[in-house]
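Asker: Quick one: the structure is below, and I'll ask about it shortly.
The values are calculated or read from the model by the stated rules, or taken from the named source; none is laboratory data. This one's a predicted model, so the numbers in the text were calculated from it and none came from an experiment. Methodologically, a virtual Cβ is constructed for each residue, glycine included, from the backbone with ideal geometry; neighbour enumeration extends over all protein chains shown.
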């Protein structure tokens, strides 16, 4: 009986150290960068929903839904920006009209190494990355191979004789997750 009670107390103590939080979508950031043989393009995205779990100050889980309609391009201006943005929203890339969200679900965390499942265009695959804590925020980056999610446009692995028109398969995603401030409960008068 004593062992059962001790186990229950230890289990309860660990449970209380685990807490989930909403991510502050305004203070958090999500950016992307794609490269090609003769340059690069980059921009930002916004979270539609974002929740994380923390235990003893370390990230242990989470689910992050990205609004693909929020994708921006920040390295171009004017007509070129509009054309490029239209192209990455098209079927050659993210096809946002049909697939308006992408999702990342954390499966496990060992130390600062995260193993997660990324879903883009209804295709899912594993991604792994490291994160670190900066103040209250969790920051890091990861790469994913766009061709594994049906985006083969100008990939050198699928098309030959592209010369300097090759677009690299890896897309880099940087993130900063800031917990939403919890308001203190109001005292009754």
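Asker: Looking at region 56-99, which of its residues are farther than 19 Å from residue 172 by Cα and touching a helix residue (DSSP H, G or I) at 6+ places or on another chain (Cβ under 8 Å)?
Answerer: The one that is farther than 19 Å from residue 172 by Cα and touching a helix residue (DSSP H, G or I) at 6+ places or on another chain (Cβ under 8 Å): 99.
Asker: Quick one: which residue in 22, 26 is surrounded by fewer than 16 Cβ atoms within 10 Å (Cβ to Cβ), assigned to a strand (DSSP E or B), at pLDDT below 95 and out of contact with any helix residue (DSSP H, G or I) (no Cβ under 9 Å at 6 or more places or on another chain)?
Answerer: Of the residues listed, the single one that is surrounded by fewer than 16 Cβ atoms within 10 Å (Cβ to Cβ), assigned to a strand (DSSP E or B), at pLDDT below 95 and out of contact with any helix residue (DSSP H, G or I) (no Cβ under 9 Å at 6 or more places or on another chain) is 22.
Asker: Also: I'm trying to understand the selection: among the residues of region 75-116, which are touching a residue at least 12 places away in the same chain (Cβ under 8 Å), assigned to a loop (DSSP other than H, G, I, E, B) and under 18 Å from residue 141 (Cα atoms)?
Answerer: 112
Asker: Ok, one more. Among the residues of region 126-158 satisfying the criterion of being exposed (fewer than 13 other Cβ atoms within 10 Å of the Cβ) and outside any loop (DSSP other than H, G, I, E, B), which is farthest from the chain's Cα centre (by Cα)?
Answerer: 134
Asker: Within region 82-89, is there a residue that is out of contact with any strand residue (DSSP E or B) (no Cβ under 6 Å at 6 or more places or on another chain), over 21 Å from residue 178 (Cα atoms) and surrounded by 17 or more Cβ atoms within 10 Å (Cβ to Cβ)?
Answerer: So the first thing to find is which residues in region 82-89 are out of contact with any strand residue (DSSP E or B) (no Cβ under 6 Å at 6 or more places or on another chain), and the list is 82-89.
Now narrow it down to the ones that are over 21 Å from residue 178 (Cα atoms): 82-89.
Okay, now just the ones that are also surrounded by 17 or more Cβ atoms within 10 Å (Cβ to Cβ), so 88.
Within region 82-89, one or more residues are out of contact with any strand residue (DSSP E or B) (no Cβ under 6 Å at 6 or more places or on another chain), over 21 Å from residue 178 (Cα atoms) and surrounded by 17 or more Cβ atoms within 10 Å (Cβ to Cβ).
Asker: Can you find even one residue in region 58-69 that is surrounded by 15 or more Cβ atoms within 10 Å (Cβ to Cβ), touching a residue at least 24 places away in the same chain (Cβ under 8 Å) and over 21 Å from residue 128 (Cβ atoms)?
Answerer: Yes, because at least one residue in region 58-69 is surrounded by 15 or more Cβ atoms within 10 Å (Cβ to Cβ), touching a residue at least 24 places away in the same chain (Cβ under 8 Å) and over 21 Å from residue 128 (Cβ atoms).
Asker: Looking at this structure, is residue 14 touching a strand residue (DSSP E or B) at 6+ places or on another chain (Cβ under 9 Å), modelled with pLDDT under 90 and not in a strand (DSSP E or B)?
Answerer: Judged against the criteria, residue 14 is a match.
Asker: Examine region 112-123 for a residue that is surrounded by fewer than 16 Cβ atoms within 10 Å (Cβ to Cβ), in contact with a helix residue (DSSP H, G or I) (Cβ under 7 Å, 6 or more places away or on another chain) and under 13 Å from residue 151 (Cβ atoms), and state whether such a residue exists.
Answerer: Scanning region 112-123 turns up at least one residue that is surrounded by fewer than 16 Cβ atoms within 10 Å (Cβ to Cβ), in contact with a helix residue (DSSP H, G or I) (Cβ under 7 Å, 6 or more places away or on another chain) and under 13 Å from residue 151 (Cβ atoms).
Asker: Do you know which residues across region 160-182 are over 24 Å from residue 45 (Cα atoms) and either modelled with pLDDT of 90 or more or over 26 Å from the mean Cα position of the chain (by Cα) (or both)?
Answerer: 160, 161, 162, 163, 164, 165
Asker: Looking only at region 33-43, count every residue that is in a strand (DSSP E or B) and loosely packed, with under 14 Cβ neighbours inside 10 Å and tell me the total.
Answerer: Looking only at that region, the number is 2.
Asker: With respect to residue 46, determine if the residue is more than 17 Å from the chain's Cα centre (by Cα) and either surrounded by fewer than 17 Cβ atoms within 10 Å (Cβ to Cβ) or in a strand (DSSP E or B) (or both).
Answerer: Working: more than 17 Å from the chain's Cα centre (by Cα): no; either surrounded by fewer than 17 Cβ atoms within 10 Å (Cβ to Cβ) or in a strand (DSSP E or B) (or both): yes.
Taking the combined requirement at face value, the residue does not satisfy it.
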